[in-house]
1. Excluding residues on the same chain fewer than 8 positions from Lys307, give the aspartates and glutamates whose Cα lies under 16 Å from its Cα.
2. Whole Å is fine, so just give me how far the alpha carbon centre of the stretch 273-295 lies from that of the stretch 70-128.
3. Taking 0.36 nm per residue of separation and subtracting the Cα-Cα distance, what length does fully extending Lys96 through Tyr413 add?
4. Just to check I understand the Karplus step: with θ = phi - 60° and J = 6.51 cos²θ - 1.76 cosθ + 1.60, what whole-Hz values come out for the stretch 362-375, glycine and proline as x?
5. Could you derive backbone 3J(HN,Hα) for the stretch 387-398 from the dihedral phi with the Karplus parameters 6.51, -1.76 and 1.60 (θ = phi - 60°), listing whole Hz in sequence and x where the residue is Gly or Pro?
6. Among Thr398, Thr294, Thr141, whose mean-square fluctuation peaks in a Gaussian network model of the chain (Cα, cutoff 10 Å)?
7. Roll a 1.4 angstrom probe over the protein heavy atoms and tell me the percent of accessible area of the stretch 192-347 that is carbon or sulfur.
8. Report the Cα-based extents of the stretch 83-239 along its three principal axes, largest first, to the nearest Å.
Amino acid sequence: METMSLFENNLSQPLAARLRPQTLADYVGQTHLLGKGKVLRRLIESDQISSMIFWGPPGVGKTTLARIIANTTKAAFIDFSAVTSGIKEIRAVMQKAEANRQCGEKTIVFVDEIHRFNKAQQDAFLPFVEKGSIILIGATTENPSFEVNSALLSRCKVFVLQELKTEELVQLLKRALADEKGFGTQTVHIADELLEMIAVFANGDARTALSTLEMAVLNGDEDSSGAVTVTRETLEQCTSKKSLLYDKTGEEHYNLISALHKSMRNSDPDAAVYWLARMLEAGEDPLYIARRVTRFASEDVGLADPKALEIAVAAYQACHFIGMPECSVHLTQAVVYMSVAPKSNALYMAYEHAKRDAAKMLAEPVPLVIRNAPTKLMQELNYGKGYQYAHNTAEKLTNMQCLPDSLVGTTYYNPTTQGLEARVKARLDEIKRWKKQHSEK
């Protein structure tokens, strides 16, 4: 049961609004939730909705799912915005919902951007959710574990919506070209390659993909018959980002991130900042770059400068908090720091060596001395027998064997003398000398 005119189609609306799916059959993406036989699909089709939260990035269909529910449910449906509503409005809606409940009618309240509500506003929903006056559906781009009160969150099922895949966005764009609510009444010529470029540019966001297509078509070359042709040049002008249009294989995408990584590894901050700018100005997701920089902090710097990881994680958080274009300076700080930091790949090499051994020797038994012994039977089997608690010794060291017998004496971590890792090397050498002197004869 719909209660708001927002569900009506209007040709004056943006393309993304005109093409908003009204049924699950038209919905694109989220097959892990809405595929045949999946829980959320069954709940919607059987009109057995319970309180839930849709969590995912922008443009993946959170609000659309709520409106599909509005179109299919027999319950009263109230669309509520956390941006424009306060406690007064919440209470008014709750009173209406309570009256509906007393008349035997369910009420579904959809709260868009529920993370924008403060604790007091969220608390206003809680008693009505608890006694069943309303079924709450919240939508958020933020982690509900941090942004939704724990009491309210515990009464909601969280469904995680994922970024749309490139092929799903291409499917959506082709539908927009064929649908009468889109450009189906026009003749539009646009190469599949350009549709894929738009999909890659949108980075999982359906709204961005459709808005970009709409702008490209409206600015396309129109011939005397009224047919519109969208060229690559038109698309580049509409986005103002020529380098953004990666090819089908994504080669340029990987070329640029490789260039950034290798420039930092080569301690060249100027080159690193240039490649960073190339990616950001091309529309690359800053969080993707931040993740790669975080990997670099341990793979290529490691314990030569442990602060590098802190800087990288802080840059990721800053990108998450404020987004582009403001977060470009935080990424620049992280990239320059990584470039000038002392380099060590000792941690990377240690894990790769251990990984190879682990793959070959998956069944090596844990030495009895370091096994846990929570039961009497385990104690009788000598689990933990002879365990030495390092904190009970003056040196905080023991000569206890911790590797499996077949790997005794194997060295995985070989620290360098770069930066602070030189101190780690000195300490490790000291530990090894002590253990050799106190090894059991």
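1. Glu299, Glu421
2. Cα centroid to Cα centroid, the span is 40 Å.
3. Contour length minus the Cα-Cα distance gives 107.6 nm.
4. Calculated HN-Hα couplings, in order: 6, 10, 4, x, 6, x, 4, 4, 10, 7, 7, 10, x, 10 Hz.
5. Computed from phi, the couplings for the stretch 387-398 are 4, 10, 8, 4, 5, 7, 9, 5, 7, 6, 9, 9 Hz.
6. The residue with the greatest mean-square fluctuation here is Thr398.
7. It is 52 percent, rounded to a whole number.
8. 63, 33, 24
The values are calculated or read from the model by the stated rules, or taken from the named source; none is laboratory data. These figures come from a predicted structure and were not determined experimentally. For neighbour counting, all protein chains shown are included, and Cβ atoms are generated from backbone atoms with ideal geometry for every residue, glycine included. Just so you know, the surface numbers come from the protein's heavy atoms only, side chains and all, with ligands and any DNA or RNA stripped out. Shrake-Rupley method; radii C 1.70, N 1.55, O 1.52, S 1.80 Å.
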